[in-house]
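Notes follow the structure.
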Amino acid sequence: MTQPWTLPAQKVSWATSRAVWAAGPGRGFCPSALLWSEPTWNPASSSGVPAQGGHGTVRVQQRIVVLGLNRSHAKNALSKNLVKMMSKAVDSLKSDKKVRTVVFRSEVPGIFCAGADLKERAKMHSSEVSSFVSRARATINELANLPVPTIAAIDGTALGGGLELALACDIRVAASSAKMGLVETKLAIIPGAGGTQRLPRTIGVSLAKELIFSARIVDGEEAKSIGLISHVVEQNEAGDAAYRRALALAREFLPQGPVAMRVAKLAINQGMEVDLVTGLAIEEACYAQTIPTKDRIEGLLAFKEKRPPRYKGE
């Protein structure tokens, strides 16, 4: 007899970690954080001055974390160093219970991410290429597996690995002028950081094959029409319309119970990979994780007292 599905303990155990990597302008990866009515907490300084790290600045602000690509000279192309820095940034967020939502954006106007750094790739031995692609795939998987909601704000071009990065996020928002596509077949390779798997799961098998086989690039309007993105917005003069829409979405998530948000994401992600019966068992196991929480009691009490709940993620 098949054993019933049980919720992996490690999936719902989030110890607190309070370090978010940040790199200064031009250094490649610039995670920062937006603060909504809560004080800044700094792991290395009570004065509020950011602590300096090996790749820039280590800083933490609570609830909404914004991770910004900033490798302007290379159109945010994914180099070995950038992937390494991304991995560190994502790793620091995995177990931080104070983080509610992560927004992934670009600090470079008109560009989200142009994909792999082809100039660097041309200098690699074939064995190095395989190792790099594996590292990039693992890093993007780490982003996809973050326990909190993730939003990709696409205000510019997202090609190849750049679109694969966005596909790993739970929600994608794009400007109507943004350009997106998995164009690897033009280079006689295939998407190697999850694109062949996440694109068909997002827009359907047949259409995903068409886009990958043709290396077609779509704009924001077409991306919305085929289900590649959730929201399309007209670009503004500042060039950050998608980012602003992503922040508005993130603010919508803030009032909800943090534990519930995490197990809801887990239930959906795990359930989509199995049959319905197993998926319902996953849902049951995830629901059970919310029953003993203080937040559940607070929600009921707040409803009874007709006031907003004050959730603590406990």
Among (1) modelled with pLDDT of 95 or more; (2) of a type outside the set (S, T, N, Q); (3) closer than 27 Å to Gly156 by Cα; (4) more than 16 Å from the chain's Cα centre (by Cα), the one test that Ala267 misses
(3)
Failed item in (1) open to solvent by less than 40 Å² (accessible area, probe 1.4 Å); (2) modelled with pLDDT under 95; (3) under 21 Å from Arg201 (Cβ atoms), with Ile229 passing the rest
(2)
Determine the pairs where a residue that is within 27 Å of Pro109 (Cα to Cα), located within the stretch 239-266, has a partner that is open to solvent by 50 Å² or more (accessible area, probe 1.4 Å) with Cβ atoms under 6 Å apart, the partner being 6 or more residues away or on another chain.
Gly239/Pro109; Ala241/Gln235; Arg245/His231
Residue satisfying all of: in the stretch 159-186; among the aliphatic types (A, V, I, L, M) and either without any contact (Cβ under 8 Å) to a residue 24 or more places away in the chain or over 22 Å from Ser130 (Cα atoms) (or both); surrounded by the most Cβ atoms within 10 Å (Cβ to Cβ) among these:
Ala174
If you go through the stretch 77-121 one residue at a time, how many are hydroxyl-bearing (Ser, Thr, Tyr) and over 14 Å from the mean Cα position of the chain (by Cα)?
2
Taking the criterion of being under 14 Å from the mean Cα position of the chain (by Cα) and open to solvent by less than 30 Å² (accessible area, probe 1.4 Å), would at least one residue in the stretch 199-211 satisfy it?
no
Given the conditions (1) modelled with pLDDT under 95; (2) at negative phi, and given that Lys306 satisfies all but one, which numbered condition is not satisfied?
(2)
Among Ala248, Ala242, Ala215, which is the only one that is under 21 Å from the mean Cα position of the chain (by Cα) and modelled with pLDDT of 95 or more?
Ala242
When the stretch 188-223 is checked residue by residue, the ones that are part of a helix (DSSP H, G or I) and small (Gly, Ala, Ser) are Gly195, Ser206, Ala208, Ser214, Gly220, Ala223
May I ask you to verify whether Glu237 is more than 28 Å from Arg135 (Cα to Cα), open to solvent by 80 Å² or more (accessible area, probe 1.4 Å) and not in a helix (DSSP H, G or I)?
yes
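The values are calculated or read from the model by the stated rules, or taken from the named source; none is laboratory data. Please read all numbers here as calculations on a predicted model, not as lab measurements. Here the Cβ is made from the backbone with ideal geometry for all residues, glycine too, and neighbour counts use every protein chain on show. Side chains are part of the model used for accessible areas, which takes the heavy atoms of the whole protein and leaves out ligands, DNA and RNA. Shrake-Rupley method; radii C 1.70, N 1.55, O 1.52, S 1.80 Å.
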